[in-house]
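All of the numbers you see were taken from the coordinates with simple rules; none came from a lab. For clarity, every value in this text was computed on a predicted model and none was experimentally measured. A quick note on method: Cβ atoms are made from the backbone with ideal geometry, for glycine too, and the neighbour counts reach across all protein chains shown.
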Amino acid sequence: MEKRHERQAVNEALAREVNERVAGLDEQAVSTWAAPSEQLFEFLCECSAEGGCEARLELTLEEYERVRAQDDRFVLAPGHETDEIEHVIERNDRFLIVDKVDAVERFTRDDPRGAPSS
């Protein structure tokens, strides 16, 4: 595995950490304002762009929870996937969900929730 692919996997894990904080704030907003379950919230693209990615994604909290159910899954803007380190498992017009290949999974095991990979 190339060093740049390892670095890309680490960058995605850092973006996920930011989104975890955003999700916590969004959950507080839902409980305070009783937002409907289809309410869209803004998340950062968790791609591995060098220097970070500025793309913003809109997901419901339920969609984000589905991504976070496994520690090796990330939410990306369409077209931001890197075939060498991940496989697209779900795609729609707002975002895609990727699953890490085995060779880089060890770089993403710092899941703040401790979710398992499958």
**Fill in**
Residues meeting the amide H criterion for Thr60 (H placed from the backbone, H to H distance under 5 Å, 5 or more places apart or on another chain) are Phe41
**Asked** Got a sec to turn the phi values of region 92-101 into Karplus ³J(HN,Hα) couplings, 6.51 cos²θ - 1.76 cosθ + 1.60 with θ = phi - 60°, whole Hz, x for Gly and Pro?
**Response** 8, 6, 9, 6, 9, 10, 10, 10, 5, 6
**Request:** Arrange the peptides 74-83, 46-55 so that the one whose residues have, on average, the most other Cβ atoms within 10 Å appears first.
**Result:** 74-83, 46-55
**Item:** Karplus (6.51, -1.76, 1.60) ³J(HN,Hα), θ = phi - 60°, over region 51-67, in Hz, Gly and Pro reported as x
**Value:** x, x, 10, 9, 5, 10, 10, 10, 9, 6, 5, 5, 5, 5, 4, 5, 5
